[in-house]
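Below: the structure, in structure tokens.
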Amino acid sequence: MLPAYIAAACASRGPRFGDRVWDVRPFVPRSTRLTRVDFGLIGDPWQERTVREFLYSRINHASPVGRSRTARPMKLTRLQREFWLARTVLRDLAAAGAPRLADAERRHLDQVLAGWKQSGSAAERAGTLKHLAAHGPFLTDALAITPWPGRTAAQVTGDPRSGENSTLRIPERITAPLIQAAVFYVTTAAGDIIAARAEVAALRHAREAAPVKTRGQARAAVEALIARRRAAGRGVPAVPARSAHNHRGAPVADGIIQAPNEKFIALLAGLRWTTRKHRDLLAAAAAELGYEAGGLDTPMSPWPVTGRPWRPGMDPAAVHTETSYLRTACWIVIAYLSGMRDAEVRELGRDCAFTEPGADGRDRFKLRGRVFKERRLSGDEAEWVVLDAVHHAVNVLLQINDDPTHLFGYTSGPGVTRARLIGKMPERISEFAAHANVLFSGPGELFIPGQPGGDGGNAGEAAPWAFTTPQFRRTVAWHIAHQPFGIIAGARQYQHAETAMFEGYAGTSSSGFAAEVAAEQATARLDYAEELYRDWDTQGPSGGGAAKTINTEFARIRSELADLPGTAAGPARLRTMLTHLATTLHPGVLGDCFYRPGQALCADRAQPAGEPLPMLNTCLHCPNARRSGKHLPRLQQARDQARDALTAAGRRALPPLQKAALDGHLNQLGQLITQITHAVPAAPENPDSNRTPSR
């Protein structure tokens with residue numbers, strides 16, 4: 001049932017058309033979660049045949065839908081979803097009175113459409129019905145009518161596509177501690193976890209290498225273990241909290257269950273079975289030495305906020321659990337600090353990290369991977385510019401994972417030969433956030449707060465944020481777009497001193513991330529233009545060469561907004577009228593630039609050096625510049641710095657040209673400040689004057 005060009009890339013020919021189960025796992029990327037469909041789940045033979053023929057046609061034929069003149073065969077990664085949709089559409093039509101596609105009439109389509117609009121996938125189901133019609137020539141049972149001709153599925157279901165990204169952005173109060181915890185795991189906790197893994201591996205190797213002990217030798221080994229722990233001032237390893245249900249009657253002291261971890265103690269003593277026959281020794285030792293959490297020798301590093309160990313000591317089970325959290329932390333660091341999609345992260349190879357010198361001579365940290373969205377099944381090669389923390393995460397994964405090809409592939413335990421790929425990332429991220437709260441929360445305050453107004457289970461309790469993988473790409477694109485010059489101050493954002501500015505962050509990756517950042521930047525510029533308008537509308541001061549032109553345009557917009565008597569212009573209309581200004585707006589620290597090439601003073605200076613235009617903050621008297629009250633503190637700071645430089649220079653001889661330059665710069669800044677502080681406020685217009693007749 002597979003096209004020859006897909007089957008040729010694999011040793012297997014794939015499932016046959018008549019097979020009950022189609023499993024395409026060998027032909028799709030390993031990050032694909034659902035790869036098989038079972039036609040036996042469809043009870044009706046006619047529907048089963050229709051779905052089978054439909055999927056075969058979707059995979060092998062390109063049939064345009066509606067007004068589209070182009071189409072491509074369906075990618076195998078969508079097989080399971082399309083199976084579910086086709087099965088659902090046929091079931092709903094049968095329930096509406098059309099057991100066969102050929103029986104469907106307009107009234108049946110209207111009936112199922114009304115039901116679909118109550119669900120969250122109405123447009124998707126309507127689209128599948130349109131695909132069923134387009135592939136009718138390849139179906140035994142085909143539609144006799146065209147569903148909703150001339151209208152797209154989104155138009156039919158009343159789900160218009162918005163130009164703005166609808167993916168939720170993770171709030172900064174959540175991303176900041178989440179990234180802080182993930183970076184700590186990658187840069188600090190990883191060392192403890194890797195050391196503990198090595199310690200457990202050494203204990204297991206020593207046990208397997210030693211001969212099986214007799215009963216007397218086993219008792220002597222337990223006694224020797226107790227003696228070693230007594231000499232070291234250590235307690236008896238206690239049962240972990242996750243096993244409390246097996247020791248319901250055991251008392252708890254300082255959060256530690258007062259019962260021995262017999263399986264782990266057996267490993268420490270080199271025994272191949274538990275220590276049940278030596279419980280008298282353990283009870284006596286516990287009475288003397290007490291119990292301790294964990295039990296491995298590997299010490300835990302301090303959590304920088306408190307200076308205390310970031311977690312209690314570990315036992316082998318805790319090492320396994322923490323390794324899983326470490327993999328999730330690596331995913332978070334790589335995804336958030338690269339802008340990569342989930343599949344792009346999980347499909348990274350073990351040789352993905354490399355460095356390359358930039359144009360300025362400094363090394364750039366990069367990742368090499370593949371992009372799959374809207375590409376061929378095997379994806380296309382791509383590169384991402386990243387931070388050094390991402391390379392650190394890659395190095396950690398190389399040490400804890402053992403898949404020969406995939407960075408995120410690993411075997412789940414001793415004796416397991418088949419590697420698995422990390423998956424179910426939303427659940428894993430939520431579990432990591434909950435674990436970080438257990439480890440790092442302070443008294444009465446969660447380390448990673450919940451979502452206000454959510455259903456946390458109790459009245460007034462905030463619910464944990466519902467993470468999805470696209471949110472990370474959306475969030476970092478938003479941050480890049482909404483920070484001055486497209487950067488994020490890592491030290492401020494993540495409380496991590498070594499995190500550099502996110503310079504060159506979006507890169508030129510073919511994954512489309514730069515385009516998403518550009519879309520966010522357009523939205524950010526429009527937001528900022530709206531702020532400038534509202535500041536002007538409330539008689540905020542302004543100055544600069546472009547102030548008169550922009551203020552006149554603001555006045556025109558205000559007049560237009562008051563055009564309809566008795567109505568108030570909504571925010572959407574205002575933003576529409578500001579769009580043309582936002583396209584030329586470049587926010588700056590000492591002033592904003594409404595860039596017009598013919599009047600830009602920076603153009604002549606930039607062209608010989610090949611600098612990008614506009615050059616913000618370099619032409620303080622440029623006709624394109626406009627300053628408002630929000631620039632005043634920065635201008636005053638620059639003036640004070642120039643004044644301090646002149647004062648300091650007064651103590652020693654200063655070259656005349658340098659002193660003249662400082663004097664001129666100081667006077668210039670003073671003039672710009674005066675333009676703002678002595679600006680004439682915008683006079684409110686009479687809405688009844690200069691009104692354009694309504695059309």
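Just add up the charged neighbours of K630: K/R +1, D/E -1, any other residue whose Cβ is under 10 Å from the Cβ of K630.
-1
What net charge do the residues around G235 carry, taking every other residue with its C-beta under 14 Å from that of G235, with Lys and Arg at +1 and Asp and Glu at -1?
Local charge sum for G235: -1.
In whole angstrom, how far apart do the alpha carbon centroids of the stretch 316-364 and the stretch 373-429 sit?
Using only Cα atoms to place each centre, the spacing works out to 8 Å.
Using Cβ contacts closer than 10 Å as the measure, can you line up W303, W148 from fewest to most?
If I rank by nearby Cβ atoms, fewest first, I get W303, W148.
Please order C10, C602 by the number of other Cβ within 10 Å, starting at the fewest.
Working: C10 12, C602 19.
Going from least to most buried by this count: C10, C602.
The stretch 583-604 to the stretch 625-642: how many Å between their Cα centroids?
First find each Cα centre; the distance between them is then 17 Å.
For the stretch 318-402, rounded, prolate or oblate, judged on the Cα gyration tensor with a ≥ b ≥ c (square roots of eigenvalues), a/c < 1.5 rounded, else prolate if a/b > b/c?
oblate
Output the peptides 262-270, 179-187 sorted from most to least packed, where packing is the average of other Cβ atoms within 10 Å over each peptide's residues. It would help to have the intermediate numbers written out before the result.
Working: 262-270: 21.0, 179-187: 24.7.
The packing order, highest mean first, is 179-187, 262-270.
Arrange the peptides 391-398, 244-251, 57-64, 214-221 so that the one whose residues have, on average, the most other Cβ atoms within 10 Å appears first.
Working: 391-398: 20.9, 244-251: 9.9, 57-64: 16.9, 214-221: 13.8.
Output ranking for 391-398, 244-251, 57-64, 214-221: 391-398, 57-64, 214-221, 244-251.
Please give the FRET efficiency for T552 paired with K117, using the beta carbon to beta carbon distance and R0 = 60 Å, rounded to the nearest 0.05. Can you show the working numbers first?
Numbers: r = 47 Å, r/R0 = 0.79.
The computed FRET efficiency comes out at 0.80.
How charged is the neighbourhood of D663? Take every other residue with its Cβ under 13 Å from the Cβ of D663, and add Lys/Arg as +1 and Asp/Glu as -1.
Neighbourhood net charge equals +3.
What FRET efficiency comes out for the pair R16/S412, r = Cβ-Cβ distance, R0 = 35 Å, nearest 0.05?
Plugging the Cβ-Cβ distance into 1/(1 + (r/R0)^6) gives 0.60.
Mind sorting S430, S542 by how few other Cβ atoms lie within 10 Å of their own Cβ, fewest first?
If I rank by nearby Cβ atoms, fewest first, I get S430, S542.
Which whole number of Å³ per residue matches the convex hull of the alpha-carbon atoms in the stretch 200-292?
That works out to 103 Å³ per residue.
Between A462 and Q668, what is the spin-label point distance in nm, taking each point 7 Å from the Cα along the Cα→C-beta axis?
4.6
A short reminder: the numbers here are calculations on the coordinates, not readings from a lab. Everything quoted here is computed from the prediction, not taken from an experiment. Note that we place each Cβ from the backbone using ideal geometry, even for glycine, and neighbour counts take in every protein chain shown.
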